[in-house]
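Visitor: Could you have a look at this structure, given as structure tokens, before my questions?
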């Protein structure tokens, strides 16, 4: 369904530690995408502190909204729809964005559209590739989520698999912490892995029962911790580069193999990866290699669209809006919101 007139969405994303506001036209054209990251604030804590994140969102939100409008060279009078992430995420952080969105929708008498953050990651690919259309298989990998999803149509999904314990990004952060590499762990391990030997340490590849598209990274994380503790006790030198490369290879092999298997089973030729871990160069490289070998088409967003950002939320909000999915002003944060 395509609208006769252009639809301009002002979208707000505050699910974790990025305050982001974007202006998106017709679900695909990004007029502005302003992101205020809190990484430097949370680094000293080794991870995101929810209360601190919420307070920074409150401090930032009004200015970021104005910055997004200024960058798009628009005013509130040019906006047709207000979109906002309402889950999953940190409840305090979500409520800051939702409160701002509801105030704008009420004050300007505009429709309010709630957006699932996980859905947003998938739609980052629609922004990156104007010609991309469903159906396709999407691997969503981030700090909080690992999903393998059959995208049947806009807003119509079938969950093929999900993590049963740690998300892929969470495993990266925990291993980085064990190696005392700092936060966020994913980008640090990705860089370190380039200098290491991926075959140096034989960490497990967990595929679960035959035919399952679910994931499990808790055992792998434990195997890395056991290796580090055992090496320290035996006085064996730990080469961080080799640990990073071997751990990363274990993660990405499972991600790639299960995604390819899902595409083959559903007879789908296009794969799109999304989420923070989709920026991982090791994952991109292996997925690209295997897709070329198997004759499959691979899509992935620019790295800035892999992180939490409001542009992807604006894309979902547009498609939700044209399909009549409009929220009431009693919209609330749902920290454990599922993709369905």
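The values are calculated or read from the model by the stated rules, or taken from the named source; none is laboratory data. If you're wondering where the values come from, they're calculated on a predicted model, not measured in any experiment. When we count neighbours, we look across all protein chains shown, and the Cβ atoms used for this are built from the backbone with ideal geometry, even at glycine.
Visitor: Please enumerate the residues belonging to the stretch 206-215 that are at pLDDT below 95 and under 15 Å from residue 252 (Cα atoms).
Guide: Answer for the stretch 206-215, where residues must be at pLDDT below 95 and under 15 Å from residue 252 (Cα atoms): 206, 207.
Visitor: If you don't mind, there's one more thing I want to ask. Pull up the stretch 4-19, narrow it to residues that are closer than 22 Å to residue 57 by Cβ and not in a loop (DSSP other than H, G, I, E, B), then point me to the one that is modelled with the lowest pLDDT.
Guide: So the first thing to find is which residues in the stretch 4-19 are closer than 22 Å to residue 57 by Cβ, and the list is 9-19.
Remaining after also requiring not in a loop (DSSP other than H, G, I, E, B): 9-13, 18-19.
On the way: 9: 98, 10: 98, 11: 98, 12: 98, 13: 97, 18: 88, 19: 95.
Per the criteria, the residue is 18.
Visitor: Which one of 231, 222, 212 is more than 27 Å from residue 148 (Cα to Cα) and surrounded by fewer than 16 Cβ atoms within 10 Å (Cβ to Cβ)? Lay out the reasoning, then the answer.
Guide: Numbers: 222 fails: more than 27 Å from residue 148 (Cα to Cα); 212 fails: more than 27 Å from residue 148 (Cα to Cα).
When all the criteria are applied, what remains is 231.
Visitor: Then there is this: Say whether the condition of being under 20 Å from residue 22 (Cβ atoms), in the same structural domain as residue 278 (by TED's automatic domain parsing) and either outside any loop (DSSP other than H, G, I, E, B) or touching a helix residue (DSSP H, G or I) at 6+ places or on another chain (Cβ under 7 Å) (or both) is met by at least one residue in the stretch 151-171.
Guide: First, pick out the residues of the stretch 151-171 that are under 20 Å from residue 22 (Cβ atoms): 154-155.
Next, from what is left, pick out any that are in the same structural domain as residue 278 (by TED's automatic domain parsing): 154-155.
Those left that are additionally either outside any loop (DSSP other than H, G, I, E, B) or touching a helix residue (DSSP H, G or I) at 6+ places or on another chain (Cβ under 7 Å) (or both): 154-155.
Yes, the conditions are met somewhere in the stretch 151-171.
Visitor: Quick one: which of 297, 273, 313 is within 23 Å of residue 29 (Cβ to Cβ), touching a strand residue (DSSP E or B) at 6+ places or on another chain (Cβ under 6 Å), buried (at least 22 other Cβ atoms within 10 Å of the Cβ) and assigned by TED's automatic domain parsing to the domain that holds residue 150? Talk me through it step by step, then tell me what you get.
Guide: Numbers: 297 fails: buried (at least 22 other Cβ atoms within 10 Å of the Cβ); 313 fails: assigned by TED's automatic domain parsing to the domain that holds residue 150.
Of 297, 273, 313, the one residue that is within 23 Å of residue 29 (Cβ to Cβ), touching a strand residue (DSSP E or B) at 6+ places or on another chain (Cβ under 6 Å), buried (at least 22 other Cβ atoms within 10 Å of the Cβ) and assigned by TED's automatic domain parsing to the domain that holds residue 150 is 273.
Visitor: Hey, does the stretch 131-149 have a residue that's over 25 Å from residue 304 (Cβ atoms), within 19 Å of the chain's Cα centre (by Cα) and touching a residue at least 60 places away in the same chain (Cβ under 8 Å)? Don't jump to the end; show me each part of the working.
Guide: Filtering the stretch 131-149 for residues over 25 Å from residue 304 (Cβ atoms) gives 135.
Still in the running and within 19 Å of the chain's Cα centre (by Cα): none.
No, there is no match, as no residue in the stretch 131-149 is over 25 Å from residue 304 (Cβ atoms), within 19 Å of the chain's Cα centre (by Cα) and touching a residue at least 60 places away in the same chain (Cβ under 8 Å).
Visitor: Looking at the stretch 102-121 only, could you name the residues that are within 16 Å of residue 146 (Cβ to Cβ) and in a strand (DSSP E or B)?
Guide: 116
Visitor: A further question on this structure: For the stretch 317-333, give me each residue that is surrounded by 16 or more Cβ atoms within 10 Å (Cβ to Cβ) and assigned to a loop (DSSP other than H, G, I, E, B).
Guide: 331, 333
Visitor: Restricting to the stretch 173-201, give me the number of residues that are assigned to a loop (DSSP other than H, G, I, E, B) and closer than 17 Å to residue 255 by Cα. Quick ask: steps written out before the conclusion?
Guide: So in the stretch 173-201, the residues assigned to a loop (DSSP other than H, G, I, E, B) come out as 179-184, 194-201.
So of that shortlist, the ones also closer than 17 Å to residue 255 by Cα come out as 198.
Qualifying residue count for the region: 1.
Visitor: OK, next. Return the residues of the stretch 20-50 that are at pLDDT below 95, touching a helix residue (DSSP H, G or I) at 6+ places or on another chain (Cβ under 6 Å) and in a strand (DSSP E or B); say none if nothing qualifies.
Guide: Listed by number, the list holds a single entry, 36.
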